[in-house]
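For reference, the structure discussed in these notes is given below.
The values are calculated or read from the model by the stated rules, or taken from the named source; none is laboratory data. Values in this document were obtained by computation on a predicted structure and should not be read as measured data. Cβ coordinates were reconstructed from backbone atoms using ideal geometry, including for glycine residues, and neighbour counts include every protein chain displayed.
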Amino acid sequence: MLTIQEKELLQTKYGQKIADAQIAIMFNIPQQDLSKMMHQTEAKLEIIFLETLTIKIQDDLPSELGDLSQKLIYVACSNLRISETEWSNIEVVDRILDECLRIVKRKFHAVQ
C-alpha cells in the first residue's frame, strides 16, 4: 500500500499537474529528495499494479478462456454440422480443431 504522503505526491503531480519545483516547495522537501521520492513511489505503484493485475489474471483468465474455448468449439461444430456424440472420434476432433483455427484466423484478420 502507498502511504498517505505517497498518495498526496502522486495526486499533486499527476492529478493537479503541478511541476516538481512547486511540489518541493509545497511539501517543504528539497527538489533532489522529491525526485528520489517520486521515483521510489512510482516504482512502488508499479509493483502494486503488477501484483494486482497478476492476481486478477490468475483468478479470472482460466474461466474466461474456458468459456471462450467452449463457445469456439460449439461454433466450429455447428459450422461442420458435427454433434457432441461424434467428439470422441479422433478424426472428428482434428476437423473441429482445424475449424477452430480457421475461425480464429478469420477473426484476427478482421480485427487488423
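Quick notes
- Residue 36 out of contact with any His (no Cβ under 9 Å at 6 or more places or on another chain), of a type outside the set (Gly, Ala, Ser) and at pLDDT 90 or above: yes
- Residue tally, condition at pLDDT below 85, in contact with a helix residue (DSSP H, G or I) (Cβ under 6 Å, 6 or more places away or on another chain) and among the aliphatic types (A, V, I, L, M), over the stretch 70-112: 1
- Filtering the stretch 83-96 to residues that are surrounded by 12 or more Cβ atoms within 10 Å (Cβ to Cβ) and among the aliphatic types (A, V, I, L, M) leaves 92, 93, 96.
- Selection from the stretch 45-82 of residues that are surrounded by 10 or more Cβ atoms within 10 Å (Cβ to Cβ) and outside any helix (DSSP H, G or I): 82
- Residue check for residue 85: in a helix (DSSP H, G or I), within 29 Å of residue 9 (Cβ to Cβ) and β-branched (Val, Ile, Thr): no
- Total residues in the stretch 24-50, condition aliphatic (A, V, I, L, M) and more than 18 Å from residue 2 (Cα to Cα): 4
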